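J.: Before anything else, here's the structure in question.
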Amino acid sequence: MLALQLVGCASVRTLDAAKPGAPIVYSGTRLDWYALRGGCCAEDRFGAQAPSYPGLDLPASALLDTVLLPLSLLTVLGVSFQASGGL
């Protein structure tokens, strides 16, 4: 069930969208809010389609965006980090 929720989650969708100029901080929450307000071109603005039910997705996206806020801020500030696993 969690996997199904993540497939429709605006935050997860915007993480993959490498669109130049797209919002990074609270991107999923902003995408949901944009869709709720009747935004016409979410893919052009955010690089991802809005979820089918943005009102239901908004709380989960706000929570995930809050958890990911430190990484989002580092990305906006231009701090790059390389993560790798193994020995």
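J.: In nm, what is the difference between 0.36 nm times the number of residues separating residue 53 and residue 17 and their Cα-Cα distance? Let's see the in-between values first.
T.: Numbers: separation 36, 0.36 × 36 = 12.96 nm, distance 1.94 nm.
Length difference between fully extended and current span is 11.0 nm.
J.: Okay, next question. Could you give the radius of gyration (one decimal) and Dmax (whole number) of the Cα atoms in the stretch 18-75, in Å?
T.: That works out to 11.0, 30 Å for Rg and Dmax.
J.: Quick one: putting +1 on the C-beta of Lys and Arg, -1 on the C-beta of Asp and Glu, what dipole do you get for the stretch 18-75 around its Cα centre, in Debye to the nearest 20?
T.: On the way: 4 positive and 5 negative charges, 24 e Å.
Its charge dipole is roughly 120 debye.
J.: Spin-label point model (7 Å from Cα, Cβ direction): what's the residue 36 to residue 74 distance in nm?
T.: Spacing of the two 7 Å Cα→Cβ label points: 3.0 nm.
J.: Can I ask one more? Order these peptides, 48-57, 25-34, 71-80, 9-18, by their mean beta-carbon neighbour count within 10 angstrom, highest first.
T.: On the way: 48-57: 16.8, 25-34: 22.6, 71-80: 11.1, 9-18: 19.0.
The most tightly packed comes first, giving 25-34, 9-18, 48-57, 71-80.
Every read-out reported here was derived from the displayed coordinates using simple, explicitly stated rules and does not represent laboratory data. Note that the structure is predicted; figures quoted are calculated from it, not measured. Heads up, the Cβs are rebuilt from the backbone with ideal geometry, glycines too, and the neighbour counts pull from every protein chain shown.
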